[in-house]
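The values are calculated or read from the model by the stated rules, or taken from the named source; none is laboratory data. Only a predicted model underlies this, so the values are computations on that prediction, with no experimental measurement involved. Cβ atoms come from the backbone with ideal geometry, glycine included; neighbour counts cover every protein chain shown. With ligands, DNA and RNA removed, areas are computed over all heavy atoms of the protein, side chains included. Shrake-Rupley method; radii C 1.70, N 1.55, O 1.52, S 1.80 Å.
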Amino acid sequence: MTDTQLAAHLAKIAGKILLQVRDSGMLRGKALGNAGDETANQFLVHTLRAQRPDDGLLSEESKDTKDRLGKSRVWIIDPVDGTREYGEERADWAVHVGLAINGVATSGAVALPGLDGGIVLDTENVAPLIKHKGKPRLVISRTRPAKEAVAVAQALGGETIPMGSAGAKAMAIVRGEAEIYLHSGGQYEWDSCAPVAVALAHGLHCSRIDGSRLRYNQDDSYLPDLLICQPELAEQVLSIVASGA
C-alpha cells in the first residue's frame, strides 16, 4: 500500500470499529466516547507500528515519548476527532490518520463514519473543488464559535454553519458544503494534520490565521489556530483577521 492507501484503509476500519462499539448499545455519552477513543487508538497504533515500523507516531490518545522528533516521517492520528459528538451519537465526528514528512502534512485520510454509508476522503482520490456562487458559508464550532470566524462572517456577509469536530468542518470545505473554516480556540497537531493534508491535495488554502505555514512534528504539539478555505478567499479572510475586525 502507498502511505495514502494505508491511511485511508486504517481510517475506514477504525470508523467501522467505532460504529460497532456505538451500536452495541452498552455505553452512552462520556463512557461511549472514552471506549471509542481507547479502542480505535489501540487498533491504529498497533497497525501503524506493524506496517510502518521505522516511522514516528503521535496520537492524541497515547503518551508522547518524543522519539518522533528524530524521525522525518511521523504519523499523526486522532482516533476519534469529536469525542463529544461520537458519544452523543451525532454524525459530525471523524477519524484522522495523517502523515507529516519533514514537518509538512503530506499524506492522509479523514473518515466520516457517522454519515450515511460512511465516507473517507484522502490525498490520492481528489475531486475538483465545487464553486459556490452565493455568499460564503463558514463552518464554526457548535459550542464555542471563534470570534475571528464570526467577524469574518460579518465582514463578508456570510452564513455560519455550526458543526462538531475539526475533521468534519474541514471536510465540509473539501466537499463543497462551505467555503471557509477558521479556528482560533486552541487545537493540537492531531486535530489538523490529516484534514490539512487532504485539503491541500484538493487545492484548498491551508495556513495559520496569520498566514504562516502549518508545521507538524514539533516538540510542542499545540497548534492553536487554522484556516482552510477556497483559495480565492484566503487573502481577504487573512486581511480581515489581521485588521481585528
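Brief remarks follow.
- For the chain, the longest principal axis of the Cα atoms and the long axis of helix 3-23 meet at an angle of about 80 degrees.
- Segment 202-218 - phi-based ³J(HN,Hα) in whole Hz, Karplus 6.51/-1.76/1.60, Gly and Pro as x: 8, x, 8, 7, 9, 6, 5, 6, 9, x, 6, 6, 8, 10, 10, 6, 8
- Compared with the dominant principal axis of the Cα atoms in the chain, helix 147-156 is inclined by about 40°.
- Å² of accessible area per residue within segment 33-159, as computed with a 1.4 Å probe and no ligands counted: 47
- Gaussian network model of the chain, Cα within-10 Å springs - most flexible of ARG52, ARG22, ARG142: ARG142
- Using a Gaussian network model of the chain in which every pair of alpha carbons under 10 angstrom is joined by a spring, one finds that among LYS66, LYS133, LYS30 the greatest mean-square fluctuation is at LYS133.
- Atom-type composition of the exposed protein surface of the chain places 49 percent of the accessible area on carbon and sulfur (1.4 angstrom probe).
- Rounded tilt (10° steps) of 29-51 against the dominant C-alpha axis of the chain: 70
- Residues with amide H under 5 Å from that of ILE161, placed H, sequence gap 5 or more: LEU138, VAL139, ILE140
- When the chain is described by a simple charge dipole with +1 on each Lys and Arg Cβ and -1 on each Asp and Glu Cβ, the residue from ALA170, SER107, LEU69 located farthest towards its positive end is ALA170.
- Selection among ASN34, ALA50, ASN125 by position relative to the dipole of segment 29-171 gives ASN125 as farthest towards the positive end (Cβ unit charges, Cα centre).
- Counting DSSP beta bridges with both ends in the chain, the antiparallel % (nearest 5): 70
- For segment 40-125, share of DSSP beta bridges that run antiparallel, in % to the nearest 5: 80
- Ranked from largest to smallest solvent-accessible area, with a 1.4 Å probe on the protein heavy atoms, GLU89, GLU189 come out as GLU89, GLU189.
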